[in-house]
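Below is one structure, written out as structure tokens; the observations come after it.
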Amino acid sequence: MSSEQTPAAPETAEPRPRRLTYAAALAALEGLALVVGGIWMLVLGISADPDDRQQAVTGGITLIVLALLPLLAARGLWGLRSWSRGPAVITQIMALPVAYNLLQAESMAIPAGIALAAVAVASLVLLVNGETTRALGIRGPGRTPE
């Protein structure tokens, strides 16, 4: 095994920044919430008497599939993979209009909109932070490795 293939020893590896850990946790939380929502829609669509059973099942499956993006991003962030920041940022940007629509509803969805907006903004701040960028090894355009 060459020195390039040898994993870094835990003592010499840089620790994961807390901001990156928090960003990974928030992305995982969003992914899990999408999975739970999708399963809930599926169960209601199959067991209850919805207005449109096909729409409920399709919506549930769609939410479960959409959960893959934040879950994969969370795993990548946890593993300090530089590719993971892109899907994580995209997930947060997609969450902001959803949060806005939830806030416009005159129902019990308003607290969910507030929570989603807070998580999305907090995640974006954590993801574009300099410490997070350095930990992921992301360089600006035209910058050479140091």
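Residue under question is residue 81, and the condition is that it be in contact with a helix residue (DSSP H, G or I) (Cβ under 9 Å, 6 or more places away or on another chain), among the basic types (Lys, Arg) and free of Cβ contacts under 8 Å to residues at least 40 places away in the same chain; does it hold?
Considered against the rule, which asks whether it is in contact with a helix residue (DSSP H, G or I) (Cβ under 9 Å, 6 or more places away or on another chain), among the basic types (Lys, Arg) and free of Cβ contacts under 8 Å to residues at least 40 places away in the same chain, residue 81 comes out as no.
Are any residues in region 115-136 modelled with pLDDT of 95 or more and either open to solvent by 70 Å² or more (accessible area, probe 1.4 Å) or among the charged types (D, E, K, R) (or both), and if so, which ones?
121, 125, listed by residue number.
Return only the number of the condition from (1) free of Cβ contacts under 8 Å to residues at least 12 places away in the same chain; (2) more than 13 Å from the chain's Cα centre (by Cα) that residue 129 does not satisfy.
The failed condition is (1).
Can you name the number of the only condition in (1) assigned to a helix (DSSP H, G or I); (2) modelled with pLDDT under 95; (3) among the charged types (D, E, K, R) that residue 75 fails?
Here residue 75 clears every test but (2).
The values are calculated or read from the model by the stated rules, or taken from the named source; none is laboratory data. Computed from a prediction, not measured in an experiment: that's the story for all the values here. Backbone-built Cβ (ideal geometry, glycine too); neighbour counts: all protein chains shown. The area values use the complete protein model at the heavy-atom level, side chains included, leaving out ligands, DNA and RNA. Shrake-Rupley method; radii C 1.70, N 1.55, O 1.52, S 1.80 Å.
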